[in-house]
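Taking it in order: structure first as structure tokens, then the write-up.
The values are calculated or read from the model by the stated rules, or taken from the named source; none is laboratory data. Being a predicted model, the structure only gives us computed values, none of them experimental. FYI the Cβ positions are ideal-geometry reconstructions off the backbone, even for glycines, and counts take in every protein chain you see. Heavy atoms of the whole protein, side chains included, go into the accessibility calculation; ligands, DNA and RNA do not. Shrake-Rupley method; radii C 1.70, N 1.55, O 1.52, S 1.80 Å.
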Amino acid sequence: MAYEDVEQLARALLSGDRRALARAISIVEDGAPEARALIKAVYPFTGRARIIGITGSPGAGKSTLVSALARAYRREGRTVGVVAVDPSSPFTGGALLGDRIRLGGDEPDPGLFFRSLASRGHVGGLSWAAADVVDMMDAAGRQVILVETVGAGQSEVEIMGLAGTILVVTMPGAGDEIQAAKAGILEIGDIFVVNKADRDGADAVAANLEMMLDLGEGKVAVDAGHHGAGAIGPVRVAAEAVPAGPRWRPPVVKTVARDGGGVDELLNAIERHAAYLASTGAGALRRRARAAERVLAVAARILLEELKELAQRAGRLDALLAEVAGRRLDVYTAAEELIKGRAE
Amino acid sequence: MVLRRAIRVLVAKPGLDSHDRGAKVIARALRDAGMEVIYTGLHQTPAQIVEAAVQEDVDVVAVSILSGAHMTLLPKIAAGLRAEGLGDVLLLAGGIIPEEDVPALKEAGVAEVFGPGTDTAVIVGYIQDHVGKD
């Protein structure tokens with residue numbers, strides 16, 4: 001189905017038409033010429049959805065857990081969107097997007113919109129367009145949006161710039177206690193999930209996590225509106241931005257996603273976190289932090305594209321690169337030349 | 001006209017058929033050719049396959065059937081795609097499909113049928129030649 005123009009597509013999307021949503025996601029994912037106009041048209045209608053990020057090591061059962069959560073929210077009568085990211089091959093550019101397999105069910109459910117995204121060379125756990133894709137689902141009226149990261153574990157701080165509540169999923173027997181002790185993973189999670197909890201060692205993993213969280217290894221700046229890594233590096237909001245009142249102590253929830261065990265408890269924990277964000281200043285701070293993260297990342301991307309294009313057109317890029325490769329010019333001077341060339 | 005950055009393919013296994021090695025071989029070959037491949041898993045209904053094609057906005061639906069139920073399942077999938085305005089999505093079929101059934105399948109909306117043993121390069125080439133063209 002073709003849409004006459006961006007306005008028609010935007011109207012269809014805002015009315016909840018899922019074919020329009022699918023088309024809109026493709027447009028923003030590809031960074032097509034219409035993408036910016038489309039995002040501008042629908043952005044005022046975003047902000048209503050509950051956005052939940054799910055990250056954690058490969059093999060921990062994220063996809064199965066995401067599907068179990070999606071179905072649970074559907075049973076509660078909420079409409080759901082799922083964004084599941086899998087890695088693209090750095091060599092062929094292709095990708096096997098295998099998260100949809102865990103969806104299950106016998107009948108299609110248009111109330112559960114599942115979109116598989118390839119990372120397309122992006123690092124940080126998502127794809128560069130993931131936030132725009134979430135915006136499309138939000139504007140289309142999806143009440144809960146689940147975002148599943150690629151699954152490389154600790155490097156995936158980018159989800160912090162996107163989600164209101166972040167689930168970190170571990171499993172017994174993966175050496176996760178040691179992994180968790182390293183910086184990063186404990187600071188990301190609002191809720192820690194020990195999946196495959198029917199296996200030996202689940203209680204030990206959960207107890208270990210509880211202990212480390214009690215020791216205050218978790219987020220110190222949790223209420224300060226942490227930023228994600230993004231294109232410009234991690235940014236910390238000043239300490240004076242921390243609101244007064246209770247801190248959030250992340251709970252540890254045991255689940256067996258395969259058969260739905262612990263999912264109700266997980267839903268409760270998510271609700272409690274959402275209430276915490278709303279009733280303290282933390283939610284507002286996070287929204288500000290996410291806005292900063294996204295605006296700066298998009299500005300950086302636009303500038304970089306402009307720079308490359310200008311440099312190519314003026315024919316300077318190849319000459320500069322030859323100078324650098326031949327050690328006749330250093331990298332920083334070459335970069336300054338490029339930037340100066342843009343200003344001319 | 002939107003310039004797609006990657007060709008997106010839905011590899012689907014409908015019905016009661018439980019043999020998916022062929023589908024997985026195709027999926028990997030398409031990925032190695034730079035395509036983004038969504039694999040549905042086993043035991044999908046035609047309605048589920050069509051819904052997945054809608055949500056994932058794919059260019060190609062590649063259906064693998066070894067159970068002999070192709071004359072029932074493929075026309076249903078083709079009709080479902082058309083009903084959703086996805087008539088220009090490339091519908092391909094593979095598996096155990098007798099030659100004499102191919103004309104009827106093409107009538108029903110299947111673009112091409114690739115039998116067992118088809119070189120994956122042929123399938124890749126076909127997709128690259130036919131996606132984005134009228």
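Quantify how strongly other chains surround peptide B:27-39 by giving the mean number of their Cβ atoms within 10 Å of each of its Cβ atoms.
Taking all residues of B:27-39 together, the mean is 6.
Take the solvent-accessible surface of the protein heavy atoms, probe 1.4 Å, and return the percent of it on region A:113-170 that carbon and sulfur atoms account for. Mind showing how you got there, number by number?
Numbers: 590 of 1060 Å².
Carbon plus sulfur share of accessible area: 56 percent.
Shape verdict for region A:240-344, please, from the Cα gyration tensor: rounded (a/c under 1.5), prolate (a/b greater than b/c) or oblate.
Because a/c hits 1.5 or more and a/b exceeds b/c, region A:240-344 counts as prolate.
Highest mean first, how do B:37-47, A:17-27 rank when packing is the count of other Cβ atoms within 10 Å averaged over residues?
So the order, starting with the most tightly packed, is A:17-27, B:37-47.
Carbon-plus-sulfur fraction of the accessible area of chain B, 1.4 Å probe, in percent?
It is 55 percent, rounded to a whole number.
Any idea of the total accessible area buried by the B-A contact, 1.4 Å probe, rounded to 100 Å²?
Looking at B and A, the buried total is near 2700 Å².
Which value does Rg/Rh take for the protein assembly as shown over its C-alpha atoms, Rh per Kirkwood?
0.99
Just give the residues from region A:100-148 buried by at least 50 square angstrom of accessible area in the all-chains context relative to the isolated chain, probe 1.4 Å, and say none if nothing qualifies.
The answer is A:100, A:101, A:108, A:120.
Could you work out the Rg to Rh ratio of region A:61-118, with Rh taken as the Kirkwood radius (inverse of the mean 1/r over all Cα pairs)?
Details: Rg = 12.7 Å, Rh = 12.2 Å.
Checking Rg against Rh, the ratio lands at 1.04.
When the distances between all Cα atoms of region A:247-292 are binned every 10 Å from zero, what whole-number percent does each bin get?
25, 39, 26, 10
With every protein chain kept in place and ligands, DNA and RNA left out, what is the accessible area per residue of region B:1-50? Probe 1.4 Å, answer in Å².
Each residue of region B:1-50 exposes 44 Å² on average to a 1.4 Å probe.
My understanding is that a pair violates if its Cα-Cα distance is over 31 Å; which of A:62/A:308; A:196/B:76; A:62/B:24 do that in this structure?
Going by Cα-Cα distance, A:62/A:308; A:196/B:76 fall outside the 31 Å limit.
Classify region A:52-152 from the C-alpha gyration tensor, please: rounded if a/c falls under 1.5, else prolate or oblate depending on whether a/b exceeds b/c.
Because a/c hits 1.5 or more and a/b exceeds b/c, region A:52-152 counts as prolate.
Just to confirm, what accessible area per residue do you get for region A:67-175 at 1.4 Å probe, in whole Å²?
30
Does chain B come out rounded, prolate or oblate, given a ≥ b ≥ c as the square roots of the eigenvalues of its C-alpha gyration tensor, rounded meaning a/c under 1.5 and, failing that, prolate meaning a/b above b/c? Provide the component values of the computation, followed by the final result.
Values: a/c = 1.33, a/b = 1.16, b/c = 1.15.
Rounded is the answer for chain B, as its axis ratio a/c remains below 1.5.
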